[in-house]
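The values are calculated or read from the model by the stated rules, or taken from the named source; none is laboratory data. Predicted model only: the values in this text are computed from it and were never measured. Cβ atoms come from the backbone with ideal geometry, glycine included; neighbour counts cover every protein chain shown.
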Amino acid sequence: MKILALGDVVGPAGVAAVAKGLRPLKRETGADLVIVNAENAYISNGLDVRSAEALFAAGADVLTGGNHSLRIHDTFSYYDENDFVLRPINYPAAAPGKGYTLLQLSNGRRVLVICAAGQVFMDPADSAFCAVDRLLEQLQGRYDIAVADFHAEATSEKAAFFHHFDGRISVMYGTHTHVQTADEGLLPKGSGYISDLGMCGVTGGVLGVKPETVISNYTSKIHHRFEKAEGDASLCGALFTVEDVSGVVKEVLRVRKDLGAC
């Protein structure tokens with residue numbers, strides 16, 4: 001089984017990049033399941049229904065989120081109604097949507113996909129470790145393979161999460177920083193990980209934003225409204241090869257597909 005995970009989709013250019021490049025990438029990699037982090041897909045932040053539908057049409061099976069997931073009120077009912085659009089599981093129970101989904105692949109394997117948010121340098125949230133521990137116990141016997149998108153800032157928190165769930169969650173990866181890391185690897189009990197997938201969108205700016213709107217904050221302490229960068233776009237993520245029966249990850253490969261202007 002091959003699971004393709006793509007990093008934060010940033011703005012309309014990121015959505016356009018996924019629309020242009022995901023299906024060819026899916027064929028090229030032979031991915032059986034595609035998970036895309038979409039919490040920045042709207043023109044500002046958050047996820048709007050139009051962008052979500054475009055990402056599903058492009059070939060995404062599940063959309064995960066993060067600290068910007070609930071920025072757009074018009075999308076709240078969409079989170080409640082669509083089982084494959086996730087916000088962090090360690091958000092308050094009263095928050096719209098849900099933090100996990102279960103789906104069955106064509107080979108019959110049942111996959112649990114979890115979205116969780118970090119606590120270090122992030123908006124307030126309950127412990128992702130405790131929330132996911134409770135979920136795995138609650139759903140015991142209802143899934144064959146688990147996948148987790150840990151949307152967090154600190155690499156130390158991500159590494160601790162990966163080791164804590166080694167052997168219990170097969171596929172684990174970080175999102176949020178928009179910078180693809182080079183630490184992909186396999187853990188002793190059979191899980192595979194990478195600290196951050198990177199981003200999908202215009203990669204020539206500052207994390208998908210026009211440089212000048214960010215630089216002024218560092219040079220003058222004047223904060224300008226962020227504007228999305230323009231230029232050539234890329235898809236960044238990782239491909240996990242998982243043994244069907246045992247759930248052991250055999251290989252983790254970084255993925256970057258340069259698409260030119262979108």
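Taken over the stretch 203-220, the residue count meeting the criterion of being assigned to a loop (DSSP other than H, G, I, E, B) and either touching a residue at least 40 places away in the same chain (Cβ under 8 Å) or in contact with a helix residue (DSSP H, G or I) (Cβ under 9 Å, 6 or more places away or on another chain) (or both) is 4. If you check Gly7, Gly11 for being closer than 22 Å to Cys262 by Cβ, crowded, with 20+ Cβ neighbours inside 10 Å and over 13 Å from the mean Cα position of the chain (by Cα), only one passes: Gly11.
The lone criterion from (1) in contact with a Leu (Cβ under 7 Å, 6 or more places away or on another chain); (2) at pLDDT below 95 left unmet by Asp123 is number (1).
For the stretch 82-104, the condition holds for no residue, the condition being that it is at pLDDT below 95 and of a type in the set (S, T, N, Q). Of all residues in the stretch 58-75, those that are closer than 18 Å to Pro12 by Cβ have Cβ atoms under 6 Å from Cβ atoms of residues that are part of a loop (DSSP other than H, G, I, E, B) and small (Gly, Ala, Ser), 6 or more apart or on another chain, in Leu63/Ala38; His68/Gly46; Arg71/Gly46; Ile72/Gly46.
Restricting attention to the stretch 67-100, which residues are crowded, with 21+ Cβ neighbours inside 10 Å and under 20 Å from Ala31 (Cβ atoms)? Correct list: Val85, Leu86.
Condition check ((1) charged (D, E, K, R); (2) within 20 Å of Cys200 (Cα to Cα); (3) without any contact (Cβ under 8 Å) to a residue 24 or more places away in the chain) across all residues:
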| residue | (1), (2), (3) |
| --- | --- |
| Ile3 | no, yes, no |
| Pro12 | no, yes, no |
| Ala19 | no, yes, no |
| Lys26 | yes, yes, no |
| Glu39 | yes, yes, no |
| Tyr42 | no, yes, no |
| Arg50 | yes, yes, yes |
| Gly99 | no, no, no |
| Leu102 | no, no, no |
